[in-house]
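Q: Here's a structure for you.
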Amino acid sequence: MQALLTPSPSPTLRPSPLDSIRRNPNSLFSISRPSKCKSPNKVCFTPRASSQVAVAPKRETDPKKRVVITGMGLVSVFGNDPDVFYQKLLDGVSGIGPIDRFDASKFPTRFAGQIRDFSAQGYIDGKNDRRLDDCLRYCIVAGKRALESADLAGDRLSKIDKVRAGVLVGTGMGGLTVFSDGVQALIEKGHKRITPFFIPYAITNMASALLAIDLGLMGPNYSISTACATSNYCFYAAANHIRRGEADLMIAGGTEAAILPIGLGGFVACRALSQRNDDPQTASRPWDQARDGFVMGEGSGVLVMESLEHAMKRGAPIIAEYLGGAVNCDAYHMTDPRADGLGVSSCIERSLEDAGVSPEEVNYINAHATSTIVGDLAEVNAVKKVFKNTSEIKMNATKSMIGHCLGAAGGMEAIATVKACTTGWLHPTINQFNPEPSVEFNTVPNEKQQHEVNVAISNSFGFGGHNSVVVFSAFKP
């Protein structure tokens, strides 16, 4: 998330030049006893010519291991329809406004990308709808809508092997409302007034579990919680379950509902949030010189991922292709990114290797870009390490319009990335009034741009130094 606003010096960690020799002492020299050695018992060392030859990356061709996107579902500040969501983004609409869910008047930040008028009707029965934390409600609705998009609604779901279909939806914060209410009940009324649903609805794995229970999906099922990198971690892990032959289909993504007093107060305490209360809609301004912190958002973004073989057998609507991904850690600081960008740049490189894609093939980046002073430029510096020629690359920031949805951010941004691949239009980065001169990218400032996406990457980074990158493209048989 890279939220703290004060830069910190970051040493560059370099591997020892002797590391490769220690691992393979014969890598630089061949051992021989040529005729010119004076003693037949003497071992002579002669330099070995490098045997490394650059090999062009190769994409996966096995239909059992190719992973395609067949469905998308979300809950967002712009509603629950991916097409409407993306049209709002293309139009440059801001979803940021004053918080009215609770009295935020005493907080230094009083606005967010708050979801209003959410309804789970038709997806969650009335009793559970009243009990569930919003984090869980958002996941269940987004997951079921994704299955509808994948032509797996209702009785159609019974036609797949449910033992080989799994759910991997993560969250950074879990059921924060249920947790907060439980703590308050304990303090004010004692332990006997804590709801029996306190633990089940607060723990982070319950979103995946409830969705699977509702749908009868018995494949891999768990949750990943890596702060704001969560969704991409889930996509990466879900795809690998498919590639290893452990699942035919996975519902994957992230969900988050942290816009409540304890969530807002916690990020205020981190000095992470914008305080532009006089003009909330311009508060989220990635790469702008006047940015002053991120804006909280909420929601859920979920993809249906399946093997190409499985999708073709059932005649699924193939939307796009997941080419690969990578995850790693900065190993530097709890909240600040590495200024040298080493963790992020190596994560991007590994994602391209996993995808079988060269840097020159990438021409669109959906950036993490949260609108923090340190984080925005650290990401740009890392991207520049990987992509030497940035003239053909366009990079935008979804968070400029919907805020930072924390563990759900990558899920919602994956949907925006896939829509860019399939529509040929990139949504703008709004609030670009005075861009940082060092960015040197086309950030699609303030107006949408037409752009035929060849290969796209979507970046997500989280507290703890968690880095994650996923790679998408339009589907080509």
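Q: Sorting check: for 92-98, 57-63, which peptide has the highest mean count of neighbouring beta carbons within 10 Å, and how do the rest follow? Please list the in-between numbers first.
A: Working: 92-98: 18.1, 57-63: 12.6.
The packing order, highest mean first, is 92-98, 57-63.
Q: Another question about this same structure. Which of (i) 75, 47, 44; (ii) 65, 56, 46; (iii) 91, 54, 52 is the computed Cα extents along the principal axes in Å for the structure on display?
A: The value matching this structure is (iii).
Q: How high is the relative contact order of the stretch 134-231? Use alpha-carbon pairs under 8 Å, at least six apart in sequence, and give a whole percent.
A: 42
Q: If you find the alpha carbon centre of the stretch 238-293 and of the stretch 53-113, how far apart are they in angstrom?
A: Computed from Cα coordinates, the inter-centre distance equals 10 Å.
Q: Could I ask something else about it? What relative contact order, as a whole-number percentage, does the stretch 79-148 give when Cα pairs under 8 Å and 6 or more residues apart are counted?
A: 24 percent.
Q: While we're here: Per residue, what accessible area does the chain have, given a 1.4 Å probe and all protein chains present, in Å²?
A: Normalised by residue count, the accessible surface of the chain is 43 Å².
Q: I would also like to ask the following. To the nearest 10 degrees, how steep is helix 176-189 against the longest Cα principal axis of the chain, on a 0 to 90 scale?
A: So the inclination is approximately 50 degrees.
Q: Here's another thing I want to ask about it. K385 label point, 7 Å along Cα→Cβ, cut-off 19 Å on backbone N: hits in the stretch 434-477?
A: Within reach of a label on K385, which here means backbone N under 19 Å from a point 7 Å along Cα→Cβ, the stretch 434-477 contributes 438-441, 457-471.
Q: Could you compute the FRET efficiency for D155 and F102, with r as their C-beta to C-beta distance and R0 at 45 Å, rounded to 0.05? Before the final figure, lay out the partial values.
A: Details: r = 42 Å, r/R0 = 0.93.
It comes out at approximately 0.60.
Q: What is the sum of charges around F433, taking Lys and Arg as +1, Asp and Glu as -1, for the other residues whose C-beta is under 14 Å from the C-beta of F433?
A: Residues near F433 contribute -2 overall.
Q: Using label points projected 7 Å from each Cα along Cα→Cβ, tell me how many nm separate R271 and Q184, to one decimal.
A: Inter-label distance under the simple model: 2.9 nm.
Q: A follow-up question, please. Quick one: if you stick a label point 7 Å off each Cα along the C-beta vector at I262 and R130, how many nm between them?
A: 2.3
Q: At 1.4 Å probe size, with the rest of the protein present, what percent of the exposed accessible area of the stretch 67-474 is carbon and sulfur atoms?
A: Numbers: 7350 of 14440 Å².
Taking all protein chains in place, the stretch 67-474 shows 51 percent carbon and sulfur surface.
Q: Among 369-381, 190-202, how do they line up by average Cβ neighbours within 10 Å per residue, starting with the highest?
A: Working: 369-381: 24.2, 190-202: 13.8.
So the order, starting with the most tightly packed, is 369-381, 190-202.
Q: Measure nothing but the geometry: give the 0 to 90° angle between the long axis through the Cα atoms of 230-243 and the longest principal axis through the Cα atoms of the chain, rounded to 10°.
A: 60
Q: Now for a separate question. Determine the dipole magnitude for the stretch 237-345: charges of +1 sit on the beta-carbon of Lys and Arg, -1 on that of Asp and Glu, nothing else is charged, the reference point is the Cα centre, and the result goes in debye to the nearest 20.
A: I would put it at about 120 debye.
Q: For R145, what charge total do you get from the other residues with a beta carbon under 12 Å from its beta carbon, if Lys and Arg give +1 and Asp and Glu give -1?
A: -2
Q: Less than 13 Å Cβ to Cβ from Q87, Lys/Arg counted +1 and Asp/Glu -1: what total charge do the surrounding residues give?
A: 0
Q: Which of F197, V84, F387 sits closest to the plus end of the dipole of the stretch 67-474, meaning its Cα is farthest towards the positive end, when Lys and Arg get +1 and Asp and Glu get -1 on the C-beta?
A: F197
Q: Let me ask another. Nearest 20 debye, what's the magnitude of the dipole of the chain about its Cα centre given +1 on Lys and Arg Cβ and -1 on Asp and Glu Cβ?
A: 1840
Q: Of all DSSP beta bridges located in the chain, what percent are antiparallel, nearest 5?
A: 70
Q: A further question on this structure: Can you give the angle from 0 to 90° between the axis of helix 342-355 and the longest principal axis of the chain, with both taken from C-alpha atoms, to the nearest 10?
A: That works out to roughly 80 degrees.
The values are calculated or read from the model by the stated rules, or taken from the named source; none is laboratory data. Here the structure is a predicted model, which is why all the values come from computation and not from measurement. Reconstructed Cβ throughout: ideal geometry from the backbone, glycine too, with neighbour counts over all protein chains shown. Protein only, heavy atoms only, side chains kept; ligands, DNA and RNA dropped before computing areas. Shrake-Rupley method; radii C 1.70, N 1.55, O 1.52, S 1.80 Å.
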